[in-house]
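The values are calculated or read from the model by the stated rules, or taken from the named source; none is laboratory data. Everything quoted here is computed from the prediction, not taken from an experiment. Note that each Cβ is placed from the backbone with ideal geometry, even for glycine, and that neighbours are counted across all protein chains shown. Keep in mind that these areas ignore ligands, DNA and RNA; they rest on the heavy atoms of the full protein, side chains included. Shrake-Rupley method; radii C 1.70, N 1.55, O 1.52, S 1.80 Å.
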Amino acid sequence: MRIENIELRRVSMPLVRPFRTSFGTITERQISLVHVSTAHAEGWAECAAEVWPLYSSEFIDASDLVIRDHLIPRLQALGDALTAERVGNALAPVKGHQMSKAVLETAILDAQLRENGQSFGGYLGAVHDSVPAGVSVGIMDSVDELLEAVAGYLEQGYLRIKLKIEPGWDLEPVRAVRERFGPDLLLQVDANTAYSLADARHLARLDPFDLLLIEQPLGERDLLGHAALARLISTPVCLDESIESAKDAAAAISLGACSIINVKPSRVGGYLEARRIHDVAAAHGVPVWCGGMLETGIGRAANVALAGLPNFVLPGDTSASDRYYARDLTAPFVLEDGHLRVPTGPGTGVAVLPEVLAEVTRSRSDIRF
Ligand code: SMG
Ligand code: MG
């Protein structure tokens, strides 16, 4: 495949409501988009890195720089031999920077699949036409406000609720949601590393609420801590931040650090590694689900395709466009009976809307190949 140009574009997308996690509040998503042009096709992808290095060590300004100065030159060196499948190895000498690597591989894969007339779902091996949608509900100022938000999402048809938790916002909101919406509600929590192993006894007090899982309670490097915690609580432990590769997934599973994995393609360097994690987990009987980074329709389309693979057995953080943005960069993803449809067109199967794109663009630069 011969790339002619890679465009880096910074957009700013206001969220419909602020999103608060244990590491901070965001009101607007600043996103780096990568747009790849070949003689025959175009590919788009979005980088998950945020403004601050708080979810992980990556952040958007550093990501732009590493893409431009360290990653793209390695792709240019491949010349015509470049394919999406070769991106991972070509970028492997650069340590870390999974999100920056992911956005390049994904944009190239999109262009390649569009050239070949194949969809992301078909390429990755999706077996479902639509996938069940969950919603991630941020930390709020009061339990009443939270109950109202959850009620609204359930009315819209979301099939699973995830509550963000942190010390001081855990037992009470979980109890309130469980009591108000009953035992059948699929409910889980996400701590984004906010606890330590010394909190094990406190976290065990979540056990009676019959949660699907607790996501990333401890630090991202603390696999042994998670393994110890998993022995002390009955809520299944799910890892997010800790898993940056299929090797990490294999290690975490072997150590007993998790019994469920949140697969985010951006966090693990792209969709090919995400599929490997899916396969490793499936081989161990470990269920996975698709996480989210408040993606626009560009990233959502590919995530929904991934979530169509057979071992994605839990509803994902793959919500409809209007949960995030009043105007999405693509035709909006809408809930149909609690599900999002897996796109079937070539590549991600979605088109970027030029007027919306122009409106949210803050800057752009081009790298000629
Ligand atoms: O995309 O619906 C979404 C957000 C899902 O909670 C979500 N993501 O740790 O899983 C997570 C968080 C990380 C993003 S917080 C800005
Ligand atoms: Mg998480």
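Comparison of Glu155, Glu145, Glu115, Glu105 shows that the only residue that is under 24 Å from Thr38 (Cα atoms), open to solvent by 20 Å² or more (accessible area, probe 1.4 Å) and not polar (S, T, N, Q) is Glu115. The test for being within 17 Å of the chain's Cα centre (by Cα) and part of a helix (DSSP H, G or I) holds for Ala107. Of all the criteria given as (1) farther than 19 Å from Val174 by Cα; (2) away from ligand 1 (no atom under 16 Å from the Cβ), the one not satisfied by Ser234 is (1).
Gly96 satisfies every condition listed in (1) away from ligand 1 (no atom under 16 Å from the Cβ); (2) crowded, with 17+ Cβ neighbours inside 10 Å except (2). Looking across Asp222, Asp170, Asp144, Asp190, one residue alone is more than 16 Å from ligand 2 (Cβ to nearest atom) and either under 17 Å from Ser22 (Cα atoms) or out of contact with any helix residue (DSSP H, G or I) (no Cβ under 6 Å at 6 or more places or on another chain) (or both). It is Asp144.
Under the condition of being within 30 Å of Phe23 (Cα to Cα) and open to solvent by less than 30 Å² (accessible area, probe 1.4 Å), the residues counted in the stretch 118-136 number 5.
So, of the residues in the stretch 38-54 that are away from ligand 1 (no atom under 16 Å from the Cβ) and assigned to a loop (DSSP other than H, G, I, E, B), which turns out to be nearest to the chain's Cα centre (by Cα)? Looking at the filtered set, the residue picked out is Ala41.
Of the strands (runs of 3 or more DSSP E) that lie entirely inside the stretch 254-369, those containing 1 or more residues that are surrounded by fewer than 20 Cβ atoms within 10 Å (Cβ to Cβ) span 339-341, 361-368. Among the residues of the stretch 187-198, are any part of a helix (DSSP H, G or I) and exposed (fewer than 15 other Cβ atoms within 10 Å of the Cβ)? Scanning the stretch 187-198, I find at least one residue that is part of a helix (DSSP H, G or I) and exposed (fewer than 15 other Cβ atoms within 10 Å of the Cβ), so the answer is yes.
Taken residue by residue, the stretch 166-179 has no member that is touching a Leu at 6+ places or on another chain (Cβ under 9 Å), more than 27 Å from Ala228 (Cβ to Cβ), open to solvent by less than 10 Å² (accessible area, probe 1.4 Å) and assigned to a strand (DSSP E or B).
Starting from the stretch 187-207, take each residue that is in the same structural domain as Thr21 (by the TED database) and list its partners that are more than 13 Å from ligand 2 (Cβ to nearest atom) and outside any helix (DSSP H, G or I), counting only C-beta distances under 8 angstrom and pairs at least six apart or across chains. If the second residue must be more than 13 Å from ligand 2 (Cβ to nearest atom) and outside any helix (DSSP H, G or I), no pairs are left. In summary, Ile139 fulfils each of the numbered conditions (1) out of contact with any Lys or Arg (no Cβ under 8 Å at 6 or more places or on another chain); (2) open to solvent by less than 20 Å² (accessible area, probe 1.4 Å) with the single exception of condition (1). Among the residues of the stretch 55-99, the ones that are modelled with pLDDT of 95 or more, in a helix (DSSP H, G or I) and acidic (Asp, Glu) come to 4 in all. Exactly one residue out of Arg29, Arg2 is more than 25 Å from Ser245 (Cβ to Cβ) and open to solvent by less than 10 Å² (accessible area, probe 1.4 Å), and it is Arg29.
Checked against the criterion of being within 22 Å of Val350 (Cα to Cα) and more than 13 Å from ligand 1 (Cβ to nearest atom), the candidates Arg276, Arg327, Arg300, Arg323 yield just one match: Arg327. Would it be correct to say that Ser245 is away from ligand 2 (no atom under 16 Å from the Cβ) and over 25 Å from Phe19 (Cα atoms)? The answer is yes for Ser245.
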